[in-house]
1. Report relative contact order for chain A in percent, whole number only (criteria: Cα-Cα under 8 Å, sequence separation at least 6).
2. Averaging sequence separations of C-alpha pairs under 8 Å and six or more residues apart, then dividing by the length of the stretch A:171-319, give the relative contact order as a whole percent.
3. Return D:40, A:175, C:306 ranked ascending by Cβ neighbour count within 10 Å, so the fewest neighbours appear first.
4. Taking 0.36 nm per intervening residue step and subtracting the Cα-Cα distance, what contour gain separates residue D:322 from residue D:170 on full extension?
5. For the stretch D:158-219 and the stretch C:37-102, write down the distance between their C-alpha centroids in whole Å.
6. Enter the angle in degrees (range 0 to 90, nearest 10) between the Cα long axis of helix C:216-226 and the first principal axis of the Cα atoms of chain C, meaning the one along which they spread out most.
7. Work out, step by step, the length gained on full extension between residue D:218 and residue D:7: first 0.36 nm times the residue separation, then minus their alpha carbon distance; give nm to one decimal.
8. Where does each of A:188, A:225 land when they are ranked from fewest to most other beta-carbon atoms within 10 angstrom?
């Protein structure tokens, strides 16, 4: 057990986000973990690491879309695994629709969901989306399906479908468009569990559409096996977390004996005590060989919408200063 | 706003689980919600309701497999939507392997995950599974894949695959076997995100296996539309929660104007404050039309392994007593 | 590390709460911990243990008052440490006022707190109390203060004050009355942080009232030191948790080398990851010597209002059956 | 209900903490709440507000001591209400002792608490303190007690005691010393629940020490009543949260009809679902009149060690820029 003295934080007017991250590095609890996440991310970026990002939770509706698109364009991440909902909301924004935040009223923050239903608004915590956004989504997605050639039993992988969607978007802030532009694959194993899935069902009632449930795994596993070093940035758990980590289960040991991910950063508000995978510690993943026993890994218990921009701004500062020297 | 007086709980030696549930009905907080969950479940069962259960979290490893299998056999549930991991662990038990609980040592409950790795044990919170269990799983699953006829571009839905697995099991405590015996479909939209997915990938390197990502949705949505009344029992959130609720989005309004689920019980330790769907309130689902604005619905914030057996024992008592009269 | 096979739960119509607890003992996660809590409590009761209960969270408003009063009367607990608010609400009920639960409306469970303010109702999650209850409390508490003889610089300890209150109540379901009847001391170190504290301040503007902040500690520590074996039942953390555990810090080692509590059960929804004491593990308490390194201890992550009645009913059954044999 | 479009965050190299806070203001979820907390704090500071800070959780051990001391010195806060433990650890640091962070080992982050006990180290999550620190504390505190004149039944309030301690410290980074230097009162209603309380007990076995449980309330309530505007910054809930808010219960309405706090910021990882006060919403406090129905208030669900330095750095930047113009 290595012990280091806790050092109190000092803040000051005008300090940069990276200044703050460095101040927090002397702290314990979440502050120390946040500082460690910045350090690990910086090391990942300098160490020729193939970086997998897992995206769960309604991060796109909440405003993290631009951050993630930026990470893709700058190749701060190399592989995306996401829930279907985040893709749905990425498309909605790319098509010109918006998400709206309910400002706390003066008197109360109560919400009348039955009333929202009557007004054609769909709620995600403190966000609403209008029904029309989903109508426009349907039209767009059907066009994508039409363009896929499913005659002659032609099958598509899910990542081929997400790529086809990205190719039909022009918004540079879009995750899917940015991924296409940057040659970053977007995996979405549970895509059926989203509006895209629902429209696929409607479409399949009258036309052919063959998307294979397992075809993607080969590409994902090949990327893992071909990488010199591997890193995982897990936002929020869920299917993306496990889908990323399980690739390590079928990869052979490296020549130097390494197995599992070399780096891992997990940002979540879920905790281990309920036994579910979303809140499981990264240490637990070591027992499976998903993360190397000597990996640099940290779990940060935080709302992703706070931690992710903060970490990214700090890491960008460091990478920029590295370039200059 | 209807107000009822909080009544203090009275416990006594030998009281039944249902006696306790009835005592809790006078309480507020979790106790009151638990009592309400029992009441809603009882009403669901008496009201000719088609009951969908969503299973997320490591419930099978923790010992809930027999409970869920029992619910299927007694048709306390009619449709299962689950994570892939719960199926994997169901198969492992059905093949004669076991999960093991780490008893708290006398001095400490620390865990050495690197050590577990060396011993061939994979940890799930306070549970371990031996690597051999997964080796036996691989052999079994490959046999299932071999039996599927994928020549001539024959495609399977995921539920057809889960059914094929169940048909090859003989353990009456198995979820998959019980589902086959009881004609209950088992949906698993993110099946790629599991050991079954990994073995499908390995298999596909040398043989044909075509499982469609979207084929299941028709069956699921038809069941919803054909049902007189619908109920959802959501254990732990995740993909199963949304996959069940989104069926309601494409179903037409009932003749009497109802839309969405008529009953819903959600048991989770996740809370709404992180904005993710797993912890979203059932009221939020009303804004989407996933749950009817007049539905009877309750969220119980609890470890599922505590609440589910308790609720089931209470409801069984009531249903049994109903039969007698 | 001792491993035991996880055994699936089997429920049945009419099963008793203790039957259920025994079924859960084969499970992992919360179910296993709940079963272990029952076992530890049973062992405490059979082992001539002095049992300290810590009460935090709005347990009395939620309906746990009768349970706790019953535990005191049956000497399932020997020492009470509580927040001031639970005493306030205990008095309110004893004076004939009630707490009211807001039944979920059909359409929505939203709450209009500004509206409640206008109606003279004070909310505690899904409970409301009427302003009149607090008016009656004030009158009662002032009467108690009047009866204390604070002439000549006579000082009272906080537990002397809680005892004086209990002596003036006649409701057998009251915690304070039950404590007086059963000779169980009630400590409340943060009593200033409650309506009792507010009325003490008002009273002191015109009359003498001397209650010492530290006088209680002697009695509490003496009880700990005089006990053959000691056990702690911690409901919800907070000041009561630490106040109970810190008594062990100043007690000398037992002749047989034991130090700290011999038994501990903690029921909380707080988790360790924020670093605060309320969610701290019982293992952490071992590093301080608050709990013995060989103590039997379990933390159950659960809403107390669910877990406490369940544990109590199971333990009562076992103790009753023990008596018969 | 006022709706504003969610705007995606853009980060950049070298951006300041306040730049980040402004970017987050277009987001929903935690990011939006954090930005709102910065805005509210800025408004508090510009609006001649008397600012009460509540400190719960092991913030001093984790490294927040310097931040809080700085807030006191700059009069970013005017009144402190804290747990006893934070004072204990403030004194320990002021006396030259330190807290130590356990760096995650390469292989595992497990902890052996029994082993720590043997080594004389006391653990607080990922922090340890050496037993010697507490030995030095004892000596220091006894000296303070010796200096108090308790002859002739002289009584002290708790805040008089904390002031006496601060007067005997010389470390400018100390909360207690900073408070004395800045004429900021430090209230600690549950001081008995701390090492200071334990040493008071030991001291009282041989000498007189009279500290009154209720004497502080007059000063606290007077400050509230005399303030033009009032604001609360609640870190982590617990006794400090309620003790601050309950002052509003006995204050008369302002001439303009206002009652309760005018501003409130709550930073916590606790959520409302367990019904306890620590996680209760600020809206709930409006039903009691603790917070004004038109108050500007926000709850930020976050580890305080992350959020507090971030908010402070952003607010300092704004206040500094205001000065310049």
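1. This gives 23 percent for chain A.
2. Over the stretch A:171-319, the number comes to 18 percent.
3. Sorted ascending by nearby Cβ count, the order is D:40, C:306, A:175.
4. Answer, rounded to one decimal: 51.5 nm.
5. Taking the Cα centre of the stretch C:37-102 as reference, the centre of the stretch D:158-219 is 31 Å away.
6. 30
7. Extending this stretch completely gives an extra 71.2 nm.
8. Ranked by crowding around the Cβ, least crowded first: A:225, A:188.
Values quoted throughout were computed directly from the atomic coordinates according to the rules given, and no laboratory measurement underlies them. The structure displayed is predicted, hence computed values, not measured ones. Positions of Cβ are backbone-derived with ideal geometry, glycine not excepted, and every protein chain shown enters the neighbour counts.
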